[in-house]
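Read the figures in this text as sums done on the coordinates, not as results from a lab. What you see is a predicted model; the values in this text were computed from it and never measured. Quick reminder, even Gly has a Cβ in these numbers, built from the backbone with ideal geometry, and neighbours come from all protein chains shown.
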Amino acid sequence: MPVPVPHQRTAVLPQQAGPVDDASAEAPAAVAPVAGDGSLHPMDAPMTANGSGHGAAPQGLTLLLIGEDPNSPVPEMWDWAGRRVRLRTARNLTEAERLLTTDVDCILLDLAPPEHTDRDTADADRPGDELGVLREVLRMARTQAVLVLTAEADAERAADAVRVGAQDYLFRDELDGAVLSRAVRYAVERKRADLAQRQLTESRMLAQENARLERGLLPTPLLDGSDLRFAACYRPGRSRALLGGDFYDTVRTPDGTVHAMIGDVCGHGPDEAALGVELRIAWRALTFAGLCGDELLSTLQKVLEHERSDDEIFATLCTVDISPDGRRAGLCLAGHPAPLLARAGRPPRLLPYESGGPALGLLPHARWPRRQVELGGSWSLMMYTDGLIEGRTGEGNRRLGQEGMTDLVSRQMAAGLTGEELLDASVREVRDLNGGELTDDVAVLLLDRR
């Protein structure tokens, strides 16, 4: 069965009251029918005063009328910018779907009385659904405003249409240019506001989901049975994130050894954060499996090589395994800054770093020697990422560095700060020296034995 060619015309609001110069009055524009594919013929292009069709003013709103009568009288309209409202008409949903292009701003659906409802629509399988056509229009029109047109006697059904999803309803008997123009403008703006609110809600939900996910990926130290005290401070460099490319973890194995590590994947975006989580989880699993030192780091390097998205990505790492009596530790460095050790009655000092190995992912057959360190009976061990030492000191481009960080922590300890208070105060002072938020991720881990 051939599909009737839909009609298309341009509606013009009557001129305002007052004397009009006949010579300057604008004659109705001749508009050709729509082509078979729903597009305009060339003669439909807006014309300039000289008829060239070039440099024409932007087209106004486009209204799609859906109704059984293609010649339904529609008052002439202008949009809020004083431009003509372009009108398209469709007899049924098949024609409407072809004419519903992205430039359509609003749909005016003429609801037939229930006894005349077209059962050839997609909702024919739902007998008695008087708003089936509207539901199908709403399904097609995801971004367009929808107005329904009905008789005044069908006021209850018109209200139902709004509850279903239409922006507003109009009565045929009260329809005029001013009412329709105002209703179309209101419906379009309300639809835009609804879409903006929906996008905002979706963005908030996505942000909340990301926050829950990132919060769940942050480590929980497993130190049951240990007399060591644990504290950590973490600040991702990217805005509104909870997780960055830095990672850390602390666990106690069944033999009483406490294992701690801190690392940094180059970069601080979401991909780096994901890789950092993978390395942390792999480290925990390998540690519980009994790996330590060079064997553990070699295996982690294989994990990184298989999981990274680019061969240029690498990660620095510092691992410490503290003996069950808490007096000694094994230290391995893979391109990472050395920890800071503070013993009772002595100022903090950096542990040796000369015997460390390269960062993970740089050399395929690298080795990472494990160095024995004497801790003593009472001590504090602070592990950190380079985000803590690469901030400026307020004097040009001069960086804080490890020496500046050591002096800063010494002052905080001398003031009696310990645990999380010490870490928070240190990071806050580093940020203040930098003159604002640090752009790189910062992770700091502190283990105390008193």
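Under a point spin-label approximation (7 Å from Cα along Cα-to-Cβ), what is the Leu362-Asp432 distance to one decimal in nm?
3.5
Within 10 Å of each candidate Cβ there may be at most 16 other Cβ atoms; applying that plus a DSSP loop requirement, which GluC sites (Glu not before Pro) in region 261-314 survive?
Those satisfying the criteria are Glu312.
If the chain between Leu218 and Asp310 were fully stretched, how many nm would it gain, using 0.36 nm times the residue separation less the Cα-Cα distance?
So the extension gain works out to 30.7 nm.
Please sort 164-171, 187-194 by packing, taking for each peptide the average over its residues of neighbouring beta carbons within 10 angstrom, highest first.
Packing proxy ranking, top to bottom: 164-171, 187-194.
Kindly put Thr287, Thr253 in sequence by how many other C-beta atoms sit within 10 Å of each C-beta, fewest to most.
Thr253, Thr287
Could you give the nm distance between label points at Asp271 and Glu189, where each point is 7 Å from its Cα heading toward the beta carbon?
Distance between the two pseudo-spin positions: 4.5 nm.
Along each of the three principal axes of the Cα atoms of region 351-392, give the extent in whole Å, ordering the values from largest to smallest.
Projected onto the principal axes, the Cα atoms of region 351-392 cover 39, 33, 14 Å.
Per residue of region 418-424, in order, report the coupling 6.51 cos²θ - 1.76 cosθ + 1.60 (Karplus, θ = phi - 60°) as ³J(HN,Hα) in whole Hz, putting x for Gly and Pro.
9, x, 5, 4, 5, 5, 4
Ranked by Cβ crowding within 10 angstrom, fewest neighbours first, how are Asp294, Asp227 ordered?
Asp227, Asp294
Could I have the simple spin-label model distance between Asp255 and Thr439, label points 7 Å from Cα toward Cβ, reported in nm to one decimal?
4.5
Fully extended, how many nm does the chain gain between Asp160 and Val179 (0.36 nm per residue separation, minus their Cα-Cα distance)?
Going from the current span to full extension adds 4.8 nm.
Please state, as a whole number in µm²/s, the translational diffusion coefficient that the Stokes-Einstein equation yields for region 219-449 at 20 °C and 1.002 mPa s, with Rh defined as the Kirkwood radius across alpha carbon pairs.
121
Given R₀ = 30 Å, what would the calculated FRET efficiency be for Ala289 paired with Glu374, taking r from the Cβ atoms and rounding to 0.05?
My answer for the efficiency is 0.60.
State the extension gain, in nm to one decimal, for the chain segment bounded by Thr101 and Met205, taking 0.36 nm per residue of separation less the distance between their alpha-carbons.
34.4 nm
With an 8 Å Cα cut-off and a minimum separation of 6 or more residues, compute the relative contact order for region 219-449 in percent.
Rounded, it is 25 percent for region 219-449.
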